[in-house]
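*Asks:* First the structure, then my questions, so here it is.
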Amino acid sequence: QVQLVESGGGLVQAGGSLRLSCAASGRTFRSYVMGWFRQAPGKEREIVAAKNWNEGRTYYADSVKGRFTISRDNAKNMVYLQMNSLKPEDTAVYYCNVQTAVLGGSSLYDWGQGTRVTVSS
């Protein structure tokens, strides 16, 4: 089975930056599409960013466009989410997953614990 482990969250002031990390372990097929999601208190989980490295396609939610960047480190088998100019509305638990498509796809594996991001004014 696949284990998804997110890290890098914390408390930051508005305007600050954080970089989230995602590690996937276990037996799985080679993944070309990865996504980042978040769930704020009382809200439904939403997709934040996704990327297909094979086709070079990237998706960002309008709310984070221009501020967040999804990337990967092939040597370490890690996926990252660089978050700049953070706003209080970015406060949420952030999750990663393997995706079937950049837009309109599905998540393939069970959700991990996520990492909590809190942005204060």
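*Asks:* Where is the GNM fluctuation largest for the chain (alpha-carbon springs, 10 angstrom cutoff): 20, 108, 81?
*Replies:* Highest fluctuation among the options: 108.
*Asks:* With the full set of protein chains in place, find how many percent of the accessible area of the stretch 1-118 is carbon and sulfur; take the probe as 1.4 Å. Walk me through the intermediate numbers first.
*Replies:* Working: 3020 of 6780 Å².
Whole-percent figure for carbon plus sulfur exposure: 45.
*Asks:* Are there trypsin sites (Lys or Arg not before Pro) in the stretch 6-83 that DSSP puts in a loop and that have at most 12 other Cβ atoms within 10 Å, and which ones? List each step's numbers first, then the result.
*Replies:* Values: sites: 19, 27, 30, 38, 43, 45, 51, 57, 65, 67, 72, 76; in loops: 27, 30, 43, 45, 65, 67, 76.
Within the stretch 6-83, the qualifying trypsin sites (Lys or Arg not before Pro) (loop, at most 12 other Cβ atoms within 10 Å) are 27, 30, 43, 65, 76.
*Asks:* If the cut-off is 16 Å between C-alpha atoms, which aspartates and glutamates fall inside it for residue 43, apart from same-chain ones fewer than 8 positions away?
*Replies:* Qualifying aspartates and glutamates at Cα under 16 Å: 89, 90.
*Asks:* If you take the alpha carbon radius of gyration of the chain and divide it by 2.2 N^0.38 Å, what ratio comes out, to two decimals? Intermediate results must be reported in sequence, preceding the final value.
*Replies:* Working: Rg = 13.5 Å, N = 121, 2.2 N^0.38 = 13.6 Å.
For the chain, the normalised Cα radius of gyration comes out at 0.99.
*Asks:* Report the gain in length on full extension from residue 73 to residue 87: 0.36 nm times residue separation, minus Cα-Cα distance, nm rounded to one decimal.
*Replies:* Details: separation 14, 0.36 × 14 = 5.04 nm, distance 2.65 nm.
Here the segment from residue 73 to residue 87 would lengthen by 2.4 nm.
*Asks:* Apply the Karplus parameterisation 6.51 cos²θ - 1.76 cosθ + 1.60, with θ equal to phi minus 60°, to every residue of the stretch 82-93 and state each ³J(HN,Hα) to the nearest whole Hz, in sequence, with x for glycine and proline.
*Replies:* Here the 3J(HN,Hα) series is 7, 10, 10, 6, 5, 10, x, 5, 7, 4, 4, 8 Hz.
*Asks:* Compute the accessible area per residue over the stretch 1-84, keeping the other protein chains in place, probe 1.4 Å, unit Å². Present the calculation step by step, with values, prior to reporting the outcome.
*Replies:* Details: 5070 Å² over 84 residues.
Here the residues of the stretch 1-84 average 60 Å² of exposed surface.
*Asks:* Report the full-extension gain for the segment residue 118 to residue 25: residue separation times 0.36 nm, less the Cα-Cα distance, to one decimal in nm. Present the calculation step by step, with values, prior to reporting the outcome.
*Replies:* Working: separation 93, 0.36 × 93 = 33.48 nm, distance 2.67 nm.
Taking 0.36 nm per residue and subtracting the Cα distance, the gain is 30.8 nm.
*Asks:* At R0 = 25 Å, how high is the FRET efficiency between residue 5 and residue 65 if r is their beta carbon distance? Nearest 0.05 is fine.
*Replies:* Efficiency at R0 = 25 Å is approximately 0.40.
*Asks:* Write down, largest first, the equivalent ellipsoid semi-axes of the stretch 20-80 in whole Å, where each equals the square root of 5 times an eigenvalue of the alpha-carbon gyration tensor. Provide the component values of the computation, followed by the final result.
*Replies:* Working: eigenvalues 92, 44, 22 Å².
Taking √(5λ) for each Cα gyration eigenvalue gives 21, 15, 11 Å.
The values are calculated or read from the model by the stated rules, or taken from the named source; none is laboratory data. Computed from a prediction, not measured in an experiment: that's the story for all the values here. Here Cβ is always computed from backbone atoms with ideal geometry, including for glycine, and neighbour counts include all displayed protein chains. SASA here: full protein model, heavy atoms, side chains in, ligands and nucleic acids out. Shrake-Rupley method; radii C 1.70, N 1.55, O 1.52, S 1.80 Å.
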